[in-house]
Amino acid sequence: MPKALLSVSDKQGLAAFARGLQRLQYELYATGSTLKAIQDAAIDAHAVSDLTGFPEMMDGRIKTLHPGVHAGILARRDKPEHMESLKRHGLHEIDLVCCNLYPFVETVAREGVTFEEAIEQIDVGGPAMIRAAAKNHESVVVVVRPERYAEVLAALSEGTVDLAMRRRLAAEAFAHTSAYDSWIAAYMRGPETDGFPPEISFAGLLTQQLKYGENEHQKAAFYRFGPNPGGLGGAVQLQGKELGFNNIQDASAAYQLVRDFKQPAAAIVKHMNPCGLAVAEDIAKAYRAAYECDKVSAFGGIVAVNRPLDRSTAEQIVQIVTHVVIAPEVLDEVKDVVARRKSMIVLAAEPPRAGLLDYDVRSVPGGFLVQEWDRMGFDRSTVSVVSKRPPTEGEWEQLGYAWTAVKHVKSNAIVLFKDGAAVGVGAGQMSRVEAVQIAVRRAGDRARGSVMASDAFFPFPDGLEEGIRAGVTAAIQPGGSLKDAEVIAAADAAGIAMVMTGRRHFRH
């Protein structure tokens with residue numbers, strides 16, 4: 001009679017799976033709470049101690065770490081000496097292992113969890129069993145996910161558990177333990193650790209298979225960090241067509257932009273760059289001002305707001321084609337409004353939780369880059385006035401908005417801001433002066449009386465002079481160029497204010 005060992009933290013579907021195995025004439029063994037759940041469902045099962053000859057001990061820390069378990073899993077059926085060893089020591093073959101691990105991630109994600117509580121959720125025996133079964137997958141079926149139960153039962157019943165299936169289940173098992181260990185390592189390392197570890201891995205849970213990637217010929221999928229990470233990983237789609245790779249990237253850019261503002265803010269993003277941004281006393285006014293920045297580019301854009309999406313704002317959004325709308329909450333009063341554009345994706349996304357894997361990660365051929373997120377905001381007390389004329393109070397306010405906005409624009413980046421709204425954006429140019437020219441051209445007459453932000457220093461006065469000719473009255477930039485003196489002189493000659501932050505905001 002074949003034997004199955006079950007030891008699961010996630011009891012979803014357990015009773016049905018155990019009953020299915022029993023119908024297939026499997027003899028069932030189980031640990032602790034798994035055994036109780038099976039027996040409560042009126043299914044015959046043995047305690048794992050019947051295999052080991054030892055009781056569970058040390059508060060359940062020692063259950064399966066015993067030759068009675070691991071010899072039965074690891075014994076190669078094609079090696080007579082392995083089978084003889086089992087027989088000589090009175091041990092039994094184990095043909096199927098069903099195991100998933102203690103809820104470590106769910107535990108450390110809760111507020112107020114102590115270090116001791118977290119440590120007790122580090123599974124030791126479970127990963128050992130999973131890895132043993134996955135290593136010996138030619139002889140042992142290993143199952144780690146409840147959604148595989150029906151598939152495994154059907155294949156066992158039909159006799160179609162071939163090597164390809166066994167290998168696929170083994171790969172899933174190793175991925176399960178690898179992800180688990182990634183979370184434990186991140187927790188033990190802690191968010192405040194200086195520097196980066198010699199080895200790092202990231203654990204993602206598959207959220208959805210995407211129709212394709214950036215282009216139709218590229219396969220893609222979306223993974224989230226942990227069970228409920230907030231942000232895009234925890235977003236709830238309320239209506240619209242299937243989310244795409246580009247939708248998610250653009251929604252992320254818009255979402256991060258508006259979250260940097262305390263005031264009600266609205267942003268419109270195209271191809272990862274804002275083409276509209278404004279702050280106002282409410283998001284309806286903010287959206288209107290953001291739309292006015294670049295009406296042409298706003299068509300087919302991504303809209304984000306940092307307040308609940310209300311009816312007044314939604315009525316404006318649906319006037320043009322908009323691919324995605326993302327807000328921290330979508331009020332019931334807007335559902336009939338957004339439904340007028342049935343294909344428009346509407347997302348509700350809470351703030352992201354400060355996670356253990358909270359990094360900006362970008363892949364390159366043969367590796368990946370890891371950095372902290374750029375969370376540097378505007379702090380008036382840390383910037384230096386370098387021009388003869390200091391900014392007026394009104395200019396200071398607009399400079400703060402512009403500096404916050406420019407870090408979300410692809411380098412080389414220029415943003416013109418006026419009356420709480422971006423009026424011109426120059427993004428992703430190889431030449432900074434061309435970025436200014438684009439921002440000025442888009443702003444038109446609105447450039448007069450605006451302020452200008454540059455994500456990095458002006459290498460020459462020409463970029464600043466383009467803004468001055470358009471009517472810019474104040475500028476903010478990091479400084480640090482060999483030509484700083486000439487740039488400052490150009491500002492003074494025009495009578496505009498200039499401040500330097502000493503920090504840049506490159507975004508590649």
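Summary table
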read-out: Residue in the stretch 221-244 that is closer than 19 Å to H508 by Cα, assigned by TED's automatic domain parsing to the domain that holds I283 and within 17 Å of the chain's Cα centre (by Cα) present; value: no
read-out: Residue in the stretch 287-330 that is farthest from A443 (Cα to Cα), counting only those that are in contact (Cβ under 8 Å) with a residue 60 or more places away in the chain and within 27 Å of the chain's Cα centre (by Cα); value: V330
read-out: Qualifying residue in the stretch 291-298 (condition: charged (D, E, K, R), surrounded by fewer than 22 Cβ atoms within 10 Å (Cβ to Cβ) and closer than 16 Å to S252 by Cα); value: no
read-out: Meets criteria (in contact with a helix residue (DSSP H, G or I) (Cβ under 7 Å, 6 or more places away or on another chain), at pLDDT 90 or above and under 26 Å from P274 (Cα atoms)) for A251; value: yes
read-out: Filtered residues of the stretch 260-303 (kept if of a type in the set (D, E, K, R) and either in contact with a Pro (Cβ under 7 Å, 6 or more places away or on another chain) or farther than 18 Å from Y401 by Cα (or both)); value: K270, E281, D282, K295
read-out: Within the stretch 178-220, tally of residues that are of a type in the set (G, A, S), assigned to a loop (DSSP other than H, G, I, E, B) and free of Cβ contacts under 8 Å to residues at least 24 places away in the same chain; value: 3
read-out: Tabulated pairs, the stretch 159-171, first assigned by TED's automatic domain parsing to the domain that holds V140, second surrounded by fewer than 16 Cβ atoms within 10 Å (Cβ to Cβ) and of a type in the set (A, V, I, L, M), C-beta under 9 angstrom, 6+ apart or interchain; value: T160/A154
read-out: Residue among A266, A253 that is touching a strand residue (DSSP E or B) at 6+ places or on another chain (Cβ under 8 Å), of a type outside the set (D, E, K, R), part of a helix (DSSP H, G or I) and buried (at least 20 other Cβ atoms within 10 Å of the Cβ); value: A253
read-out: Qualifying residue in the stretch 104-118 (condition: in contact (Cβ under 8 Å) with a residue 24 or more places away in the chain, in contact with a strand residue (DSSP E or B) (Cβ under 7 Å, 6 or more places away or on another chain) and assigned by TED's automatic domain parsing to the domain that holds G68); value: no
read-out: Identity of the residue in the stretch 3-25, of a type outside the set (A, V, I, L, M) and in contact with a Gly (Cβ under 9 Å, 6 or more places away or on another chain), that ends up surrounded by the fewest Cβ atoms within 10 Å (Cβ to Cβ); value: S9
read-out: Helices (runs of 4 or more DSSP H) wholly inside the stretch 291-344 containing at least 3 residues that are closer than 25 Å to V425 by Cβ; value: 295-298, 311-317
read-out: Unmet requirement for A150, which otherwise passes all of (1) within 30 Å of F115 (Cα to Cα); (2) of a type in the set (A, V, I, L, M); (3) not in a loop (DSSP other than H, G, I, E, B); value: (1)
read-out: The stretch 487-499, residues that are touching a residue at least 60 places away in the same chain (Cβ under 8 Å) and surrounded by fewer than 21 Cβ atoms within 10 Å (Cβ to Cβ); value: I488, D492, G495
read-out: In the stretch 90-118, the residues that are in a helix (DSSP H, G or I) and either more than 19 Å from L357 (Cβ to Cβ) or in contact with an Asp or Glu (Cβ under 6 Å, 6 or more places away or on another chain) (or both); value: E116, E117
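Here is a yes/no grid of residues against (1) closer than 14 Å to P274 by Cβ; (2) among the acidic types (D, E); (3) at pLDDT below 95:
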{"site": "N412", "(1), (2), (3)": "no, no, yes"}
{"site": "A422", "(1), (2), (3)": "yes, no, no"}
{"site": "V436", "(1), (2), (3)": "no, no, no"}
{"site": "R442", "(1), (2), (3)": "yes, no, yes"}
{"site": "D455", "(1), (2), (3)": "yes, yes, yes"}
{"site": "F460", "(1), (2), (3)": "no, no, yes"}
{"site": "M498", "(1), (2), (3)": "no, no, no"}
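Table: residues versus (1) buried (at least 16 other Cβ atoms within 10 Å of the Cβ); (2) among the polar types (S, T, N, Q); (3) in a loop (DSSP other than H, G, I, E, B).
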| site | (1), (2), (3) |
| --- | --- |
| V370 | no, no, no |
| A405 | yes, no, no |
| H408 | yes, no, yes |
| A422 | yes, no, no |
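A quick yes/no check of all residues on (1) buried (at least 22 other Cβ atoms within 10 Å of the Cβ); (2) not small (G, A, S):
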| residue | (1), (2) |
| --- | --- |
| D95 | no, yes |
| P103 | no, yes |
| V108 | no, yes |
| E117 | no, yes |
| E120 | no, yes |
| G126 | yes, no |
| I130 | yes, yes |
| A134 | yes, no |
| V140 | yes, yes |
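The values are calculated or read from the model by the stated rules, or taken from the named source; none is laboratory data. Model, not experiment: these values are computed from the prediction. So basically every Cβ, Gly included, is an ideal-geometry build from the backbone, and we count neighbours across all protein chains shown.
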